[in-house]
Amino acid sequence: GRCFYFDETASTNAFMLGHATELKSGDICIAEYQSAGRGRRGRQWLSPYGHHIYASMFWRLNNDISHASGLSLVIGCSIVKTLADFGVEGLGLKWPNDIYLDHSKLAGILVEISQSSANQTELVIGFGINMSMSVEQGELIDQPWSDLSSLKEIPDKTELLIKLHKTLKADLQLFELKGLGAFLERWNEYDLFVNREVSLLMAPNSVSGICRGIDQQGALLLETEQGIKPYIGGEISLRAA
Ligand code: ATP
C-alpha cells in the first residue's frame, strides 16, 4: 500500500476522496495538521500541530452500500483494540463513531462514501486521535475531550500508526467475511451506553429510552414503552439522558 504524507492539508478525508480513482485498499494519508478537519454533518475536527494523529485510509468493498452499514463501529473496535494493546485503560465507545477515554472524547471516526454501485463500494475511513493537547489547543474544543498525555508511556506515533493500519486492514477483511457479528463482543465490552437512559437526537425530533446495545447491522437498539426498536443512520446523535 501507499502512504501520502502531508505536513499540512485541508482534510485527509478530502484528499483521499479527491484521488479515489487512483487508490487501492489500504492506501493511507497522514497529516501533521488539518486546516479543515471534518466531523459528521459539517462539524469540525480540531486538528492542531502537535504529533496528533490525523489519517484516512481508502477501502474498496466488493459489495453494495448496504453491506457497509456498521462499518464505523468496526473501525471504533479496531482503534480501541489497538490503543488497549498499547496499554491504554479507560477506553469506551459511543455509537456510532466516537472513542472516549475516561468519559471524554479522545478520538473521532468519519467514514465517507466515495462511490458505490451494485457490486462495489469505495470508502474513505478517517480518524483523528488526540495525543497530547496543550491547554490552549483544548480550549477550542466545545465538548469534554481527552488525550493520551496522562499515560505512563505515551505511544510512539509512528508505531501506533503502523499498528492501527495493520489492525484496520485485518478487521476490514474480517468484516467482509463475517459481517459485524464478529465484532459484537468487542463492541459490547467497550459500549459506554448499554443499559443506560439515553436520548437519540434526530433533528427536529428526539426519542428517549434505554440503550440495549447494537444489532447485527450496527443499528442502535432503543427500548421504549413500545418495545425495542433499531435506529440507524448518519443523522442520529446519541446523548446521555
Ligand atoms: P455525534 O454524537 O453526533 O457524533 P459529536 O459532537 O461527537 O456528535 P462528531 O461529528 O462525531 O460530533 O465530531 C465533531 C465534534 O467533536 C465537534 O463538534 C467537537 O465538539 C468535537 N471535537 C472537535 N475536535 C476535537 C478533538 N480534536 N478532540 C475531541 N473532540 C473534538
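Sort through E122, E136 and tell me the only one that's under 26 Å from Q44 (Cβ atoms), among the charged types (D, E, K, R), surrounded by 19 or more Cβ atoms within 10 Å (Cβ to Cβ) and more than 12 Å from the ligand (Cβ to nearest atom). First the steps, then the outcome.
On the way: E136 fails: surrounded by 19 or more Cβ atoms within 10 Å (Cβ to Cβ).
The unique qualifying residue is E122.
A quick yes/no check of all residues on (1) over 27 Å from Y54 (Cβ atoms); (2) buried (at least 17 other Cβ atoms within 10 Å of the Cβ); (3) in the same structural domain as G128 (by TED's automatic domain parsing):
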{"site": "P155", "(1), (2), (3)": "no, yes, yes"}
{"site": "E159", "(1), (2), (3)": "no, no, yes"}
{"site": "H165", "(1), (2), (3)": "no, yes, yes"}
{"site": "Q173", "(1), (2), (3)": "no, no, yes"}
{"site": "L177", "(1), (2), (3)": "yes, no, yes"}
{"site": "G181", "(1), (2), (3)": "yes, no, yes"}
{"site": "M202", "(1), (2), (3)": "yes, no, no"}
{"site": "N205", "(1), (2), (3)": "yes, no, no"}
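What's the number of the only condition in (1) under 16 Å from P96 (Cβ atoms); (2) buried (at least 16 other Cβ atoms within 10 Å of the Cβ) that G209 fails to meet? With (1) under 16 Å from P96 (Cβ atoms); (2) buried (at least 16 other Cβ atoms within 10 Å of the Cβ) applied to G209, the lone miss is (1).
Assess whether I141 counts as being in contact (Cβ under 8 Å) with a residue 12 or more places away in the chain, assigned by TED's automatic domain parsing to the domain that holds S25, under 19 Å from L160 (Cα atoms) and within 15 Å of the ligand (Cβ to nearest atom). No, not satisfied. Taking region 153-241 as the region of interest, the strands (runs of 3 or more DSSP E) fully inside it that hold 2 or more residues being touching a strand residue (DSSP E or B) at 6+ places or on another chain (Cβ under 9 Å), more than 16 Å from the ligand (Cβ to nearest atom) and without any contact (Cβ under 8 Å) to a residue 60 or more places away in the chain are 205-214, 220-224, 227-231.
The values are calculated or read from the model by the stated rules, or taken from the named source; none is laboratory data. Everything quoted here is computed from the prediction, not taken from an experiment. All Cβ positions, glycine included, derive from the backbone under ideal geometry; neighbour counts span all protein chains shown.
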